[in-house]
Amino acid sequence: MEEEKETTTTTTKKKQCFWTWALASVIFRLVLIHFSRNLNLASRPEVSTPLTSLRRLAEGYWLKQSSISPYAGSMYHGSPLLLSILGPLTVQRGEGQYNHLICSLLFVIADFMTAVLIRATGQNLQMAYNQSLKSLGIVRLLERSEMLASGDIAALVYLWNPLTIVTCVGSSTSPIENLVIVLSLYGACRRLVPLAAFGWVIATHLSLYPAILIVPLILILGYGPDSPRRKLFQQRASIKVGENPSTDIHYQQKELASQPMLPLRFSWRLVVHFILWASLWSCYVLLLCGISVRQYGGLGEMFKSTYGFILTVPDLSPNIGVLWYFFAEVFDYFRNFFLIVFHVNILFMILPLAIRLNHRPCFLAFVYIAISSLLKSYPSVGDSALYLGLLGLFVEELADMQFSFFLFCGYVGISFLSPVMHNLWIWRGTGNANFYFATAMAYACFQIILVVESVSAMLNHDRMLRKLSIMKP
């Protein structure tokens, strides 16, 4: 009884601590929003891109209010639904900024809801991980894992990540994109198929790149958020039978049946439901978009100005990616070839990673998000904020990841150097484009190292589980 009371008290304290820090992060954002004019984050190329800039959205809404196509010119390239929702909030009323504050408050709420969903996803993932350890009979790791609340860690990392904060304060629509991506993962982990399909369709509609998340979402719905590799069960069963050949067969079967086992069969029913709901939500979104842009060229014009803008990369304004500099230097004759190379590079990684990490679909989703953030046409720090927050969900599995301190210092250094190099190039004139591009290259290298080392650490963790599961108890 006393142990149960102590456990309950500890859990209550952890919950209170989490909500205290979460509320503090919201207050901190509101304070920064009050001084957002002095910070001038909305004009930073690291924060706002041609796809996520609220200023461009306001320009598109003004064109629409003037009975002109919001895609006229080269300002707005986002969703017409997002334009209808956020557009009225960008209109200034006199000298006040009432609507601007409401729009900023919406981003704060989006960040907070994203953190809550990450926490809930982490709880489901932790339960699935504990069930996996019980299925393999690894009690020692189970006791160790109960000491860590990965969901709380991941949520607080997302809320207090400086990249998340500057994205929220910098009037970027990235918090909304991050929200719907996490919503799809949460819905899949909870087996809420309509919610998962809704989040995936909206995320794909807003940014295109989340379309590749359909692979981990299907694996989550089919196998669950986390499960050991299917081979481990057969190996463990065969080793037990091989060690005691003289033991009664009925006793062996009874002993193996008494252990909790995870479902090894793929749940096609949920996958079919997901495809049906995704098709339904896609038709609904296309219907709303068609109604919204029927006077401005229809869906064809929308696809050309949104997805076509992402795939053809016509805007070469500087950002933290590497494509802008590359296509500014490459000859026009080779432009289409390298466009295909860069975009197909993402697709080439989908199948090998899915085959190797099919038993870790949530981690697979993290890897996909990190890779798309690295290779997408117009990246921002909001993309990195999302996958760094999701990285906290795997603190147990990635505890032995190499170069952690090096990566931390690298991200901090790039965060400081990037504005400095941009200032030297654009405003002071004492540098050139190579100064800023060097920080973008370093940033890409750190992201590559993070992906490689995290995948390596996860595979090493799986090898450790395999060795512990076949050891004699």
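Residues in region 36-72 that are more than 28 Å from the chain's Cα centre (by Cα) and not in a helix (DSSP H, G or I): S66, S67, I68, S69, P70, A72. Taken as a whole, region 294-315 holds no residue that is over 24 Å from A72 (Cα atoms), in a helix (DSSP H, G or I) and over 20 Å from the mean Cα position of the chain (by Cα).
Residues of region 161-201 that are surrounded by fewer than 24 Cβ atoms within 10 Å (Cβ to Cβ) and under 23 Å from W268 (Cα atoms): L183, Y186, R190, R191, L192, V193, P194, L195, F198. For F326, state whether it is closer than 25 Å to S372 by Cβ and open to solvent by 60 Å² or more (accessible area, probe 1.4 Å). Considered against the rule, which asks whether it is closer than 25 Å to S372 by Cβ and open to solvent by 60 Å² or more (accessible area, probe 1.4 Å), F326 comes out as yes. Consider region 85-128 and keep the residues that are at pLDDT below 90 and of a type in the set (S, T, Y). The one that is farthest from S174 (Cα to Cα) is Y98. Just give me the residues in region 412-421 being out of contact with any Asp or Glu (no Cβ under 8 Å at 6 or more places or on another chain) and surrounded by 17 or more Cβ atoms within 10 Å (Cβ to Cβ), in sequence order. Answer for region 412-421, where residues must be out of contact with any Asp or Glu (no Cβ under 8 Å at 6 or more places or on another chain) and surrounded by 17 or more Cβ atoms within 10 Å (Cβ to Cβ): I414, S415, M421. Can you tell me which residues in region 266-276 are part of a helix (DSSP H, G or I) and over 13 Å from R191 (Cα atoms)? Passing the criteria: I275, L276.
When F366, F446, F406 are screened for being in a helix (DSSP H, G or I) and either open to solvent by 60 Å² or more (accessible area, probe 1.4 Å) or farther than 30 Å from P216 by Cβ (or both), only F406 passes.
Within region 58-71, restricting attention to residues that are in contact with a helix residue (DSSP H, G or I) (Cβ under 6 Å, 6 or more places away or on another chain) and touching a residue at least 40 places away in the same chain (Cβ under 8 Å), the residue that is surrounded by the most Cβ atoms within 10 Å (Cβ to Cβ) is P70. Listed by position, the helices (runs of 4 or more DSSP H) inside region 162-234 whose residues that are under 17 Å from G382 (Cβ atoms) number at least 3 are 162-169, 174-189, 193-207. Residues that are of a type in the set (V, I, T), within 25 Å of I165 (Cβ to Cβ) and surrounded by 15 or more Cβ atoms within 10 Å (Cβ to Cβ) are absent from region 452-473 altogether.
The values are calculated or read from the model by the stated rules, or taken from the named source; none is laboratory data. Worth saying up front: this structure is predicted, and the values here are computed from it rather than measured. When we count neighbours, we look across all protein chains shown, and the Cβ atoms used for this are built from the backbone with ideal geometry, even at glycine. Calculation scope for accessible area: heavy atoms of the full protein, side chains included, ligands and nucleic acids excluded. Shrake-Rupley method; radii C 1.70, N 1.55, O 1.52, S 1.80 Å.
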